[in-house]
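Here the structure is laid out as structure tokens; the discussion comes afterwards.
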Amino acid sequence: MGDETMEGKKLFMVKRTDRQGTSEIRERFKREHLSYVGKDGRAVFGGPLLDESLRIISGFVIVRGTDLEDVRLWVNDDPYTKAGVFESVEIREWKMGFSPTKEMASIVYTILCLDKNSMRETRARIRPEHLSWWEESGRNGFIGPFPAEDGNGAVGTLIITDGHNLEEVTRWAETDPYNKGGIFESVTIYPTRKVIQRLDRPAEKL
């Protein structure tokens, strides 16, 4: 399956939390895992999420797929999954609003924002300010919403951005109009070691 068959597919965030004590297993199957994730043009962005000491805590990838079940099957065939590296797997459909205009740094920052309940109208009202905030920041990266399962609005935001350090990115994320408007239930920021980045055409504004 080549890149051309991936056109028109949906995008999904896959976040996989490692089981404790699997660092040796991860290293043993690393080459097979990278070969698997990098083939077929499915992965748009990928790399491990890190803690403040830059130790790996989770696997992370933005991948193309037909639906959730298609992505689950793809995850299950990953050599890391078969080797028992992961404790849990989280899959969310994601819509790309903006994509990088150039190659990103080797260490970037993944910002995972999940909304409080009943915030769809507030999100829609603040959305123009949020989009302007991103455009005016001059940041290079990915940004876009997690659509609601019923197709009505969104329930969170994913940002992957270059940054100077965790403290600087945290301060910047606090200025997001969505954040200042009280939409988010949680905001988690991970240093991320970039392994895969496909420079697709910039997405439309969402």
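Taking only the stretch 89-100 into account, find how many residues are assigned to a loop (DSSP other than H, G, I, E, B) and surrounded by fewer than 17 Cβ atoms within 10 Å (Cβ to Cβ).
Result for the stretch 89-100: 1.
Just give me the residues in the stretch 108-134 being of a type in the set (Ser, Thr, Tyr) and either outside any helix (DSSP H, G or I) or closer than 14 Å to Ala154 by Cα (or both), in sequence order.
Hits for the stretch 108-134 are Tyr109, Thr110, Ser118, Thr122.
Would you call Pro191 touching a His at 6+ places or on another chain (Cβ under 6 Å), at pLDDT 95 or above, crowded, with 17+ Cβ neighbours inside 10 Å and closer than 28 Å to Gly21 by Cα?
It is false that Pro191 is touching a His at 6+ places or on another chain (Cβ under 6 Å), at pLDDT 95 or above, crowded, with 17+ Cβ neighbours inside 10 Å and closer than 28 Å to Gly21 by Cα.
Gly138 is checked against (1) touching a residue at least 60 places away in the same chain (Cβ under 8 Å); (2) at positive phi and fails just one. What number does that condition carry?
For Gly138, the exception is condition (1).
Okay, residues lined up against (1) at pLDDT 95 or above; (2) out of contact with any helix residue (DSSP H, G or I) (no Cβ under 9 Å at 6 or more places or on another chain); (3) surrounded by fewer than 15 Cβ atoms within 10 Å (Cβ to Cβ); (4) in the same structural domain as Val37 (by TED's automatic domain parsing):
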| site | (1), (2), (3), (4) |
| --- | --- |
| Lys102 | no, yes, yes, no |
| Ile111 | yes, no, no, no |
| Ser132 | yes, no, yes, no |
| Glu149 | no, yes, yes, no |
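Of the residues that sit in the stretch 21-50 and are free of Cβ contacts under 8 Å to residues at least 60 places away in the same chain and not in a helix (DSSP H, G or I), which one is surrounded by the most Cβ atoms within 10 Å (Cβ to Cβ)?
Filtering the stretch 21-50 for residues that are free of Cβ contacts under 8 Å to residues at least 60 places away in the same chain and not in a helix (DSSP H, G or I), the one surrounded by the most Cβ atoms within 10 Å (Cβ to Cβ) comes out as Arg42.
The values are calculated or read from the model by the stated rules, or taken from the named source; none is laboratory data. Just so we're clear, the structure is a prediction, and the values are computed from it rather than from any experiment. Counting neighbours? That spans all protein chains shown, and the Cβs are built from the backbone with ideal geometry, glycine included.
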